[in-house]
Amino acid sequence: MELLFNSALFFCSCGFIALALVLKEGALQGENLDIFVVNTSSSFMQMLATILLMPVSFAVALGGLSLGKWVDYVNAGVRTAVGMEGLRITPYIGLAYMTVNLIMNILGITLIKNMSAVTAILTSIVTVPIVTLVFCLDLPLLTPQPFTPLFVLGVIAVLLGLAMYNYEGLQKARTARD
């Protein structure tokens with residue numbers, strides 16, 4: 001039952017990603033918009049939504065915090081993020097994350113512009129199980145997560161779906177090449 005609930009929750013959460021991709025596709029179709037402008041505006045809106053939903057996240061994750069404790073919690077997080085507390089390598093980890101995130105966003109928007117929102121959402125969904133598989137490794141600062149065959153089945157199912165969705169386009173491209 002828990003697996004069914006978690007699967008349904010995952011598919012519902014993909015709806016927001018799909019909506020964002022469809023809106024980006026609509027903005028990019030027929031328009032000569034710069035990818036960096038679209039990326040910057042979508043990242044700004046994502047940051048705004050994250051900041052606005054932060055109290056909700058704290059309430060759910062930590063069982064509720066008073067405003068004073070919330071401010072102290074955020075201040076401690078900022079001090080840790082800039083390397084004043086905890087590990088001195090923390091700012092570099094954040095910089096590496098932002099760099100990879102920026103590259104992924106640019107590649108995603110390029111994919112939307114050149115393909116379709118459906119292809120972009122399926123590609124985005126493929127990254128989730130692959131990243132989960134990476135967290136099964138013994139990485140520094142992280143304990144390895146248990147590996148289950150369901151991860152591999154998830155990746156295979158999404159890749160087969162992506163291949164079936166794009167089969168006709170791949171066939172046309174192959175016959176045009178020959």
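The values are calculated or read from the model by the stated rules, or taken from the named source; none is laboratory data. If you're wondering where the values come from, they're calculated on a predicted model, not measured in any experiment. Note that we place each Cβ from the backbone using ideal geometry, even for glycine, and neighbour counts take in every protein chain shown. For accessibility, only protein heavy atoms count, side chains too; no ligands or nucleic acids. Shrake-Rupley method; radii C 1.70, N 1.55, O 1.52, S 1.80 Å.
Summary table below
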quantity	calculated
Hey, A117 touching a Leu at 6+ places or on another chain (Cβ under 7 Å) and at pLDDT below 75 or not	yes
Of all residues in the stretch 8-45 being more than 22 Å from L122 (Cα to Cα) and acidic (D, E), the one that is most open to solvent (accessible area, probe 1.4 Å)	E31
Long-range neighbours under 8 Å by Cβ, at least six apart or interchain, first residue of a type in the set (A, V, I, L, M) within the stretch 25-51, second open to solvent by 60 Å² or more (accessible area, probe 1.4 Å) and assigned to a helix (DSSP H, G or I)	L28/K113; I35/K113
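Results for (1) aromatic (F, W, Y); (2) modelled with pLDDT of 75 or more; (3) at negative phi, shown as yes or no for each residue.
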residue	(1), (2), (3)
S124	no, no, yes
C136	no, yes, yes
G154	no, yes, yes
Y167	yes, yes, yes
K172	no, no, yes
R177	no, no, yes
